[in-house]
Amino acid sequence: MSSDVERRSRRSGGRPISVSFEFFPPKTPEMEATLWNSITRLAPLAPKFVSVTYGAGGSTRERTHTTVERIVKETRLAPAAHLTCVSATKAEVDEVVRGYWDAGVRHIVALRGDPPGGVGQAYEPHPEGYRTTADLVDGIRRIANFEVSVSAYPEKHPESPSFDTDLDILAAKVEAGATRAITQCFFDNDLYFAYLDKVRARGIDVPVVPGILPVSNFKQARNFAEKTGTYVPSWLTSRFEGLDNDPETRKLIAAAVAAEQVFDLVDRGVTEFHFYTLNRADLVYAVCHLLGIRPPQESAGQGQGNGQAAA
């Protein structure tokens, strides 16, 4: 019987599949323990990088920096630190960028950031700050040769008047030096591929990595989707019907739904995924396992069990 790894290889045309994971900085000792348990659990899967989110107005800046520094010092993971333009001068942002470089960080996820009042509020740049993400990307690249990832929106950014405007903004970020785009989460793969066609037609050729959110709490995910304009297909709603008080079954359904989504993406040529972990490892680990992404010793053991030579 062929292994999951062999099936995965056939699905992807023999091209290797890579993953990255997103975490957020903890607010409490209990949340810190959860985060580091998740990092410990997912690290053996050898992600391409792990990103750490960053709050506006100083709300998580120090926690983000502390978390990123600890990843550098205590793991072999490559951290990507989020950075925004919100509520800060150029000098303040530049100081953060230099601090990341000095700490050993070589990858930044550059974002405009949400307004301090939250999603839906009007964004106003700091009078002495970077006005757009493209400006921020340019500033980062002037300071040091960072790898820079930026955001992309398969269903259009909620504030953009049109897809054309949205694509112009993405093009400006790439022209400023961005090397990768990571999408906001989506639940309908057709929307991702329609967006990718628009991106390529616009002449933007950087990787556009799908952002995957395994839905463990459907009500929470639906509320987030409503705020960000993310389409929630009716079939997804029906999968979670009647499970409000059944967390164990919800977890099983969540793993199945996420696996279906990534397998369909792989079948259609996608080989790189960014998982929004919400600092929880189990669902993401399960999906990666189904993709054939496993710790080296496990993969070696599987190969021997199938009569194959261990690498």
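The values are calculated or read from the model by the stated rules, or taken from the named source; none is laboratory data. Predicted, not measured: the structure shown is a model, and the values here were computed from it. Note that each Cβ is placed from the backbone with ideal geometry, even for glycine, and that neighbours are counted across all protein chains shown. Heavy atoms of the whole protein, side chains included, go into the accessibility calculation; ligands, DNA and RNA do not. Shrake-Rupley method; radii C 1.70, N 1.55, O 1.52, S 1.80 Å.
Tabulated values for the structure
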quantity: Angle between the chain longest axis and helix 29-42 axis [Cα atoms, degrees, rounded to 10]; calculated: 50 degrees
quantity: Angle between the chain longest axis and helix 247-267 axis [Cα atoms, degrees, rounded to 10]; calculated: 80 degrees
quantity: Nonlocal amide H pairs with Phe24, under 5 Å, H built at 1.01 Å; calculated: Thr53, Asn279
quantity: Cross-link table Lys156/Lys227; Lys173/Lys219; Lys27/Lys73; Lys27/Lys48; Lys48/Lys73, entries beyond 24 Å C-alpha to C-alpha; calculated: Lys173/Lys219; Lys27/Lys48
quantity: Tensor-based shape of region 75-117 (alpha-carbon gyration tensor, a/c under 1.5 rounded, otherwise prolate or oblate); calculated: oblate
quantity: Anchor Lys198: aspartates and glutamates whose Cα lies under 15 Å away (excluding residues fewer than 8 positions away in-chain); calculated: Glu155, Asp164, Asp166, Asp168, Asp190
quantity: Leu278 - accessible surface, heavy atoms, 1.4 Å probe, Å² rounded to 10; calculated: 90 Å²
quantity: Values of log10 I(q)/I(0), in the order q = 0.17 Å⁻¹, for region 156-261 under a Debye, Cα-only, solvent-free model; calculated: -0.84
quantity: Gain upon complete extension [Trp101, Lys219; 0.36 nm per residue less C-alpha separation]; calculated: 38.6 nm
quantity: For Val19, distant residues with modelled amide H under 5 Å away; calculated: Lys48, Phe273
quantity: From phi via Karplus (6.51, -1.76, 1.60), per-residue ³J(HN,Hα) for region 93-101 in Hz, x at Gly/Pro; calculated: 5, 4, 5, 5, 4, 4, x, 5, 4
quantity: Mean residue ellipticity (222 nm) of the chain, computed from DSSP H runs ≥ 4 via -39,500 (n - 2.57), nearest 500; calculated: -14500 deg cm²/dmol
quantity: Projected label distance in nm at Ala171 and Arg41, using a 7 Å step from Cα toward the beta-carbon; calculated: 4.3 nm
quantity: Derived scalar couplings ³J(HN,Hα) [region 81-92; Karplus, 6.51 cos²θ - 1.76 cosθ + 1.60; whole Hz; x for Gly, Pro]; calculated: 8, 6, 8, 10, 8, 5, 6, 8, 6, 4, 4, 5
quantity: Length-normalised contact order for region 104-251 - Cα pairs under 8 Å, 6+ apart - percent; calculated: 22 percent
quantity: From phi via Karplus (6.51, -1.76, 1.60), per-residue ³J(HN,Hα) for region 15-20 in Hz, x at Gly/Pro; calculated: 7, x, 9, 10, 9, 9
quantity: Listed residues Pro158, Pro233, Pro207, most fluctuating in the chain (Gaussian network, C-alpha, under 10 Å); calculated: Pro233
quantity: For the chain: relative contact order, % (alpha-carbon pairs under 8 angstrom, 6 or more apart); calculated: 21 percent
quantity: Cα shape, region 233-293, gyration tensor, a/c 1.5 rule; calculated: oblate
quantity: Loop GluC sites (Glu not before Pro), region 182-264, which have at most 16 other Cβ atoms in a 10 Å radius of their Cβ (DSSP); calculated: Glu241
quantity: Shape of region 117-210, Cα gyration tensor, a/c cut at 1.5; calculated: oblate
quantity: Separation of alpha-carbon centers, region 131-162 and region 227-268, rounded to whole Å; calculated: 29 Å
